[in-house]
Amino acid sequence: MSEETLSNLLKEDRRFEPPAEIAEHANLKSEAYDRARQDREAFWAEQAERLDWSQKWDRVLDWDDPPFAKWYVGGKLNAAYNCVDRHVEAGRGDKVALHWVGEPVDDKRDITYAELQDEVCRAANALLSLGVGAGDRVAIYLPMIPEAVVAMLACARIGAPHTVVFGGFSADALASRLEDCQAKVVITSDGGYRRGNPSALKPAVDEARTKTDVVEKVLVVRRTGQDLGEGGWDDAVDVWWHDVVDGASADHTPEAFDAEHPLYVMYTSGTTGKPKGILHTTGGYLVGSAYTHWAVFDLKPETDVYWCSADIGWVTGHSYLVYGPLANGVTQVMYEGVPDSPERGRWWKIIQDYGVTIFYTAPTAIRSFMKQGAEIPDRHDMSSLRILGSVGEPINPEAYVWYRHVIGGDRTPVVDTWWQTETGMIMISPLPGVTHGKPGSAMTPIPGVAAEVVDEAGEPVPDGSGGYLVLTEPWPAMLRTIWGDDERFKDTYWARFAEQGYYFAGDGAKKDDDGDIWVLGRVDDVMNVSGHRLSTTEIESALVSHPKVAEAAVVGAKDEDTGQAVCAFVILREDAGDGGDDIVKELRGHVRKEIGPIATPRQIMIVPELPKTRSGKIMRRLLRDVAEHREVGDVTTLADSSVMDLISQGIDSGRSED
Ligand code: WTA
């Protein structure tokens, strides 16, 4: 991020005090920061008491062999029991767990904790009958339907780590994830609803199965009833959910697993072409997600109606739609579709209909609502809202203030929560009853968490300066490793500041004059498009796999709507000539097929050369200048400084498309 943006941000001087009512009844008060700092392990032991353990831990943290952490050593628990059964046993079986709202209007279901327990038990028994045992991996490739939650919890219940693959990913992306974690079973559906139309999912699983033979069974939920097409059903492999789950017994005794038993693998983009399987384990992750959900949203489980708009295919859907909220026994909304179907006020109507009190979404969504204007939300009564949250990318101050004002009626604190797939839980955020809000700042590490902004040498920067964001102490929900690749785990996160033993998050940040943290975005080759992490290298590999492409460089360019957008510079192979009239369209289609629609470049520029240093490294900084229509910066380190002229000429001659 440029110095200019930095200083603009820091000129932001609007401040919002916590509302008296929230401050007075806040779950955590300001003393918690000190208490946690004085004895971090005692603090985390206290937080672990919010769960039910079949066997208590002997040791809170084993950090004898960093960076490999063990939390709650010797403890045993069942995650699904903690999210479901214990609420039923406590007499809250009739309480609604999920107000599920389908995209087609009038398609809704309220599911109580008791009903959820039945469903999870049936699904667990069904998985067992399909040969899934503790430790086996199960992939989940589903739309936002209740079965997605049930499937995750059923896996957790029998100790089978799940890997949820976002429904927007292509067959190829699905296949590489199935292969990497050797998933034995895939749970999918015929399709889901997207903007009023059924959109197929099952064919992508079928296609993925032609690329990997690890999958033994595919369990299919009937959601849309759409035709599966010729060859769309394989009796040897495919089974209907309603055949095996509905008929299964609703009795299932949960087994207690070791606190360090793998709970799930979530794939996320790194700086290389190969996605990383982030491994989370049971005890620490559940403590971290439950504690943060309670603390950061100041959750009052008896009265709050909570809604997180994230898809289950991302970590936010894991920590703040499934594990955190359900462990806390809250009533929540789960919505299947897009914000503007069938009309643009759909989200606000859901908030009004269900009396949502806590709402958690992403800046990219807020910016798109801002564009549509305040009239649409203004038509709805959203006075039930008391706390708003933001996640996924830096929230620009204007979006923050609009969110607070238009959606929150100026009553609601906005918590800008910084965290990552790897951290498993919110790490840096205001506490709504304690911290005053500064638009654009994630403020301070929450109690129990330790973070710093450091310079190249790993020294903390003074207030008012920028540097690298690091986490300086282990935390319960931290990733344990990259699935099957301990070396990559060490290299990616722990090598940069190995001497200090810091976890390097890959983000740049600045401390303002009060020492509060402003997260500025990635400092590596990872882009953030609509809050989704994409790797430049992964998209480059996808482009280069096209027969007409010789070389490709991808950068994330600033974009008003999506934060960043994918911009690709492509050199064609000689034998491809000029690539033909449809080359740009062809390449975009190719990326969509290889990775998925979210990775589709906004812009592809066919260029004769790429700017490289003498050591052959692509200078993305210069390409970003071109993509953002800026004057191209310093070119003196280029091996051939005329390259930038060639690129500009190529673009001017019209070989690009927005
Ligand atoms: C970015 C999503 C600024 C950041 C939970 C991080 C943010 C990456 C914020 C993780 C925020 C997330 N302010 N940037 N409040 N929240 N990020 O793994 O660059 O999909 O490293 O996890 O998103 O993305 P991930």
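The values are calculated or read from the model by the stated rules, or taken from the named source; none is laboratory data. Note that the structure is a prediction, hence the values are computed from the model and not measured. A quick note on method: Cβ atoms are made from the backbone with ideal geometry, for glycine too, and the neighbour counts reach across all protein chains shown. Heavy atoms of the whole protein, side chains included, go into the accessibility calculation; ligands, DNA and RNA do not. Shrake-Rupley method; radii C 1.70, N 1.55, O 1.52, S 1.80 Å.
Scan the stretch 508-541 for residues that are assigned to a strand (DSSP E or B) and either under 21 Å from F166 (Cα atoms) or away from the ligand (no atom under 12 Å from the Cβ) (or both) and the total you get is 9.
The residue of the stretch 392-402 that is nearest to the ligand (Cβ to nearest atom), among those that are open to solvent by 10 Å² or more (accessible area, probe 1.4 Å) and in contact with a helix residue (DSSP H, G or I) (Cβ under 6 Å, 6 or more places away or on another chain), is E393. Of all residues in the stretch 51-75, those being closer than 24 Å to M152 by Cβ and either modelled with pLDDT under 95 or open to solvent by 70 Å² or more (accessible area, probe 1.4 Å) (or both) number 3. Residues in the stretch 375-391 that are open to solvent by less than 30 Å² (accessible area, probe 1.4 Å) and under 20 Å from G433 (Cα atoms) were compared, and the one that is farthest from the ligand (Cβ to nearest atom) is L385. In the stretch 339-367, which residues are open to solvent by 20 Å² or more (accessible area, probe 1.4 Å), over 22 Å from the mean Cα position of the chain (by Cα) and at pLDDT below 95? Within the stretch 339-367, P342, E343, R344 qualify. The set of residues in the stretch 106-120 being under 27 Å from the mean Cα position of the chain (by Cα) and not hydroxyl-bearing (S, T, Y) consists of D107, K108, R109, D110, I111, L116, Q117, E119, V120. Here A457 passes the criteria (1) more than 16 Å from the ligand (Cβ to nearest atom); (2) more than 19 Å from the chain's Cα centre (by Cα); (3) open to solvent by less than 30 Å² (accessible area, probe 1.4 Å) except the one numbered (3). For F504, state whether it is out of contact with any Leu (no Cβ under 6 Å at 6 or more places or on another chain), of a type outside the set (S, T, Y) and more than 11 Å from the ligand (Cβ to nearest atom). Judged against the criteria, F504 is not a match. Within the stretch 115-150, the residues that satisfy the criterion of being open to solvent by 30 Å² or more (accessible area, probe 1.4 Å), part of a helix (DSSP H, G or I) and over 18 Å from I312 (Cβ atoms) are E115, Q117, D118, R122, N125, L128, S129.
Here Q500 passes the criteria (1) in contact (Cβ under 8 Å) with a residue 40 or more places away in the chain; (2) touching a Pro at 6+ places or on another chain (Cβ under 9 Å) except the one numbered (2).
Taking the criterion of being within 16 Å of the ligand (Cβ to nearest atom) and more than 22 Å from Y264 (Cα to Cα), the only residue of the stretch 484-496 that qualifies is R496. Take the stretch 402-436 and flag every residue that is within 15 Å of V391 (Cβ to Cβ) and either modelled with pLDDT under 95 or among the hydroxyl-bearing types (S, T, Y) (or both). Once the filter is applied, which keeps residues that are within 15 Å of V391 (Cβ to Cβ) and either modelled with pLDDT under 95 or among the hydroxyl-bearing types (S, T, Y) (or both), the stretch 402-436 yields Y403, T417, T421, T423, S429. For the stretch 506-549, the candidate set comprises residues that are within 23 Å of the chain's Cα centre (by Cα) and of a type in the set (V, I, T); within that set, the residue that is most open to solvent (accessible area, probe 1.4 Å) is V523.
Scanning the stretch 416-428 for residues that are in a strand (DSSP E or B) and in contact (Cβ under 8 Å) with a residue 40 or more places away in the chain yields T417, W418, I428. Total residues in the stretch 558-580 satisfying the condition of being open to solvent by 30 Å² or more (accessible area, probe 1.4 Å) and assigned to a helix (DSSP H, G or I): the figure is 2. Among the numbered conditions (1) free of Cβ contacts under 8 Å to residues at least 60 places away in the same chain; (2) open to solvent by 10 Å² or more (accessible area, probe 1.4 Å); (3) more than 24 Å from S30 (Cα to Cα); (4) part of a loop (DSSP other than H, G, I, E, B), the only one that D410 does not meet is (3). I'd like to check something: does the stretch 429-436 contain any residue that is in a helix (DSSP H, G or I) and within 16 Å of the ligand (Cβ to nearest atom)? For the stretch 429-436, residues in a helix (DSSP H, G or I) and within 16 Å of the ligand (Cβ to nearest atom): absent. It is to be established whether one or more residues within the stretch 403-413 are within 12 Å of the ligand (Cβ to nearest atom), touching a strand residue (DSSP E or B) at 6+ places or on another chain (Cβ under 9 Å) and within 21 Å of D340 (Cβ to Cβ). Scanning the stretch 403-413 turns up no residue that is within 12 Å of the ligand (Cβ to nearest atom), touching a strand residue (DSSP E or B) at 6+ places or on another chain (Cβ under 9 Å) and within 21 Å of D340 (Cβ to Cβ). Taking the criterion of being within 18 Å of L130 (Cβ to Cβ), outside any loop (DSSP other than H, G, I, E, B) and open to solvent by 50 Å² or more (accessible area, probe 1.4 Å), the residues of the stretch 202-233 that qualify are R209, K217.
The set of residues from the stretch 234-271 being among the acidic types (D, E) and in a helix (DSSP H, G or I) comprises just one member, D243.
The residues of the stretch 479-497 that are open to solvent by less than 60 Å² (accessible area, probe 1.4 Å), out of contact with any helix residue (DSSP H, G or I) (no Cβ under 7 Å at 6 or more places or on another chain) and touching a residue at least 24 places away in the same chain (Cβ under 8 Å), listed by number, are L479, R480, D485, R488, F489, T492, Y493, W494, F497. All conditions but one from (1) aliphatic (A, V, I, L, M); (2) in contact with a helix residue (DSSP H, G or I) (Cβ under 7 Å, 6 or more places away or on another chain); (3) within 28 Å of Y267 (Cα to Cα) apply to V406; the one that does not is (3).
On inspection, T417 passes the criterion of being closer than 28 Å to T282 by Cα, open to solvent by less than 10 Å² (accessible area, probe 1.4 Å), touching a Gly at 6+ places or on another chain (Cβ under 7 Å) and hydroxyl-bearing (S, T, Y).
May I ask you to verify whether K95 is open to solvent by 60 Å² or more (accessible area, probe 1.4 Å) and of a type in the set (K, R)? In short, no.
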